[in-house]
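Here's the structure we're looking at; comments come further down.
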Amino acid sequence: MEEEIKKAEVLAEAYQYIREYRDKIFVIKFGGSILKLPNVKENILKDVAFLEAVGVKTLLVCGGGPFINEEIEKRGKKPAFVDGLRVTDSGTMKIVEDILFGIRDNTLEYLKGTLKVKASSLQPSEKFMAAKKVHYQKGEEIVDLGFVGQAGSINTDYVKARLEEERVLVMAPIAYGEDNNLYNINGDAVASAAAEWLKAEKLIFITDVLGVMRNPQNPDTLISILQVSEAEELIEKNIVKEGMIPKVKSGVSSIKKGVKKVHIISGNIPHSIVLEVFTEHGIGTEICN
């Protein structure tokens with residue numbers, strides 16, 4: 001009986017948040033190394049199904065950097081980067097498309113087939129998002145990164161109308177540029193741009209760490225609530241570093257442009273989305289004004 005009462009208390013606590021977030025838009029970015037962990041993808045998608053069941057509209061952005069690297073190496077090449085940006089020639093771009101569209105389609109199949117979620121994919125051919133080719137400057141030199149883009153404008157009316165119909169939309173961070181070529185875009189940047197254009201209630205980054213920590217080696221230093229000003233300070237002091245930098249920078253940018261809250265959470269914790277969003281204390285880092 002005691003365990004049943006605890007479950008009821010959890011549901012009662014969640015009720016206020018369910019009411020608050022009904023018909024709101026969440027943008028969730030997941031992918032990369034987190035998908036290599038057993039059962040993680042299924043747990044994340046079960047949480048997405050829960051969001052759909054309680055009336056939240058979700059745009060799910062699928063990344064897959066490590067899988068792209070593996071496929072490039074399988075084909076006898078070596079992944080090339082300039083300051084963390086993937087050099088993407090036409091052959092590499094084809095690999096990027098194969099991997100990211102594959103992750104997107106497998107994700108959609110699991111949502112629709114196994115979890116019976118009302119979901120659909122967003123295709124680059126729908127031109128719902130524009131890409132701009134990156135002209136990267138390194139010192140005094142302009143480096144041609146190939147088919148590497150940044151997110152441009154998003155047709156918010158179109159995406160919102162689709163979300164009214166399907167409730168969950170799944171996309172890869174790939175879009176057409178003005179030259180009608182497909183461009184590979186950083187997944188965190190795409191999620192951030194989408195959240196900004198859609199004025200999302202929440203932008204959620206799912207990672208393989210607990211969140212932002214003052215000492216990445218010590219989970220006890222997790223920062224539960226992070227103000228924008230403090231986040232910028234932590235980046236300047238090199239406390240936030242490596243792969244966490246683009247997430248925190250994207251989060252700060254999104255907050256400044258109208259997104260209500262940004263969450264950085266671990267996919268290693270079962271049902272981390274539900275725990276972060278529908279409980280008072282959460283389990284990751286929340287960035288806010």
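The values are calculated or read from the model by the stated rules, or taken from the named source; none is laboratory data. All values reported here derive from a predicted model rather than from experimental measurement. For neighbour counting, all protein chains shown are included, and Cβ atoms are generated from backbone atoms with ideal geometry for every residue, glycine included.
So, in the range 214-255, exactly how many residues are over 24 Å from Ile185 (Cβ atoms), assigned to a loop (DSSP other than H, G, I, E, B) and of a type outside the set (D, E, K, R)?
Residues in the range 214-255 being over 24 Å from Ile185 (Cβ atoms), assigned to a loop (DSSP other than H, G, I, E, B) and of a type outside the set (D, E, K, R): 8 in total.
Out of the residues in the range 181-210 meeting the condition of being polar (S, T, N, Q) and out of contact with any Ser or Thr (no Cβ under 8 Å at 6 or more places or on another chain), tell me which one is surrounded by the most Cβ atoms within 10 Å (Cβ to Cβ).
Out of the qualifying residues, it is Asn186.
Looking at (1) outside any helix (DSSP H, G or I); (2) closer than 26 Å to Ile265 by Cβ; (3) free of Cβ contacts under 8 Å to residues at least 12 places away in the same chain, which one does Gly76 not meet, given that it meets all the others?
Status for Gly76: all satisfied but (2).
What are the pairs with Cβ atoms under 8 angstrom where one residue, in the range 114-132, is under 10 Å from Met171 (Cβ atoms) and the other, located anywhere, is exposed (fewer than 15 other Cβ atoms within 10 Å of the Cβ) and of a type in the set (S, T, N, Q)? Sequence gap at least six, or different chains.
Here the result reads Met129/Ser153, each pair linking the range 114-132 to a residue that is exposed (fewer than 15 other Cβ atoms within 10 Å of the Cβ) and of a type in the set (S, T, N, Q).
Any residue at all in the range 268-286 that's hydrophobic (A, V, I, L, M, F, W, C), touching a helix residue (DSSP H, G or I) at 6+ places or on another chain (Cβ under 8 Å) and over 24 Å from Gly32 (Cα atoms)?
yes
Among the residues of the range 31-51, is there at least one that is surrounded by 23 or more Cβ atoms within 10 Å (Cβ to Cβ) and either at pLDDT below 90 or outside any helix (DSSP H, G or I) (or both)?
yes
Out of Glu164, Glu140, Glu178, report the one residue that is within 19 Å of Ile28 (Cβ to Cβ), surrounded by fewer than 14 Cβ atoms within 10 Å (Cβ to Cβ) and charged (D, E, K, R).
Answer to the check: Glu164.
Do the conditions hold for Ala194, that is, is it assigned to a loop (DSSP other than H, G, I, E, B) and modelled with pLDDT of 95 or more?
No, not satisfied.
State whether the residues of the range 242-251 include one that is aliphatic (A, V, I, L, M), closer than 21 Å to Val48 by Cβ and out of contact with any Asp or Glu (no Cβ under 6 Å at 6 or more places or on another chain).
Scanning the range 242-251, I find no residue that is aliphatic (A, V, I, L, M), closer than 21 Å to Val48 by Cβ and out of contact with any Asp or Glu (no Cβ under 6 Å at 6 or more places or on another chain), so the answer is no.
Looking at the range 237-256, which of its residues are in contact with a helix residue (DSSP H, G or I) (Cβ under 8 Å, 6 or more places away or on another chain) and among the β-branched types (Val, Ile, Thr)?
Passing the criteria: Val240, Ile245, Val248, Val252, Ile255.
Could you list all residues from the range 153-173 that are closer than 24 Å to Glu109 by Cβ and free of Cβ contacts under 8 Å to residues at least 40 places away in the same chain?
Scanning the range 153-173 gives Tyr158, Ala161.
Given the criteria farther than 30 Å from Lys46 by Cα, among the acidic types (Asp, Glu) and touching a residue at least 40 places away in the same chain (Cβ under 8 Å), does Glu178 qualify?
Against the criterion (farther than 30 Å from Lys46 by Cα, among the acidic types (Asp, Glu) and touching a residue at least 40 places away in the same chain (Cβ under 8 Å)), Glu178 qualifies.
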